[in-house]
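The values are calculated or read from the model by the stated rules, or taken from the named source; none is laboratory data. None of the values given here were measured: they were computed from a predicted structure. Using ideal geometry, Cβ is built from the backbone for each residue, glycine included, and neighbour counts are taken over all protein chains shown.
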Amino acid sequence: MSQTPFSARAGRPLVAIASDRIERHGHPAHALLHGYVRAVSELADAVPLALPAAPGAVDAASLVHGIDGIVLTGSPSNVAPEHYGAGALPEGVLLDRDRDATVLPLLPQLVSAGVPVLAVCRGFQEMNVAWGGTLDAAVHSRSGRLDHREGDHGRPIERWYDDSHDIHIAPGGVLAGLVPLMRLPVNSLHHQGIDRLGEGLRLEASAPDGLVEAFSVQGAPSFALGVQWHPEMRIDDCPLAQAIFKAFGEACRARRRWRTGGVQQPAPAHALAA
């Protein structure tokens, strides 16, 4: 019986999605929200794969050779303060040190190797810390800042992700190359935010109070974008969310063609946006 030869060039890109370390019925477990799975599958047109929050199980070299992109998800947990030189967070703040130990060392290596990266909310904050930036643990308590928190928890969960404020998109960047408008509403909900932007990160968008809402990695070989809001929850009705995941998917396909077929290395994100 003859079989069709397997071709490494066939198929959709493989995209790792960062998971949280949780407990399930007393067992250590890993979890990610389905919104990211939908966005990667339906808009990026890629195969979503869960990346466990298990530092001993994951190494950068294997990921560089085996995946075509990575999504860093939002999470109820915060980046542990020792990673950016801050004091202890208030009692009761949820941490995920297994995820910290998995993701933070990987990021610079993946970006420098040309793996497309899309970082959302906690992932956006992880990326800032990985580039030497710092975080503000309680943005809402600062004078002159908006309250960026999710608001009334009694609302239906879908209402948590309604647009909360506008962003101003910086000219000449990745986001400016995706949408025609320079001011757009987003569903930004978070406690922590960027205090100092990491070295080598380019401002892509800011909130009305001046808080950084998006950045890209200067000189990255491929797509490398972080956003504080939640595009994965608005893929059905938000053109900006759709544009972000489609652009990420294009970068992943370019990466897969290069990785499996020896074609030219994908163009840098800043060149694609020019």
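Leu33 falls short on exactly one of the conditions (1) without any contact (Cβ under 8 Å) to a residue 60 or more places away in the chain; (2) crowded, with 16+ Cβ neighbours inside 10 Å, and that condition is (1). Being within 21 Å of the chain's Cα centre (by Cα), modelled with pLDDT under 95, surrounded by 18 or more Cβ atoms within 10 Å (Cβ to Cβ) and of a type outside the set (Lys, Arg) is a property that does not hold for Val212. Note on the range 67-121: residues that are of a type outside the set (A, V, I, L, M) and either more than 30 Å from Asp45 (Cβ to Cβ) or part of a helix (DSSP H, G or I) (or both) amount to 19. In summary, Gly114 fulfils each of the numbered conditions (1) buried (at least 23 other Cβ atoms within 10 Å of the Cβ); (2) under 24 Å from Lys246 (Cβ atoms); (3) not aromatic (Phe, Trp, Tyr) with the single exception of condition (1). Residues that are hydrophobic (A, V, I, L, M, F, W, C), touching a strand residue (DSSP E or B) at 6+ places or on another chain (Cβ under 6 Å) and closer than 23 Å to Arg257 by Cα within the range 19-46 comprise Val37, Val40, Ala46, listed in sequence order.
Asp136 falls short on exactly one of the conditions (1) at pLDDT 60 or above; (2) out of contact with any strand residue (DSSP E or B) (no Cβ under 7 Å at 6 or more places or on another chain); (3) not hydroxyl-bearing (Ser, Thr, Tyr), and that condition is (2).
Filtering the range 99-111 to residues that are of a type outside the set (Val, Ile, Thr) and either out of contact with any Pro (no Cβ under 7 Å at 6 or more places or on another chain) or surrounded by fewer than 15 Cβ atoms within 10 Å (Cβ to Cβ) (or both) leaves Arg99, Asp100, Leu104, Pro105, Leu106, Leu107, Pro108, Gln109, Leu110.
Any idea which residue in the range 43-76 is nearest to Met127 (Cα to Cα), counting only those that are among the hydroxyl-bearing types (Ser, Thr, Tyr) and either surrounded by fewer than 19 Cβ atoms within 10 Å (Cβ to Cβ) or touching a Ser or Thr at 6+ places or on another chain (Cβ under 8 Å) (or both)? Filtering the range 43-76 for residues that are among the hydroxyl-bearing types (Ser, Thr, Tyr) and either surrounded by fewer than 19 Cβ atoms within 10 Å (Cβ to Cβ) or touching a Ser or Thr at 6+ places or on another chain (Cβ under 8 Å) (or both), the one nearest to Met127 (Cα to Cα) comes out as Thr73.
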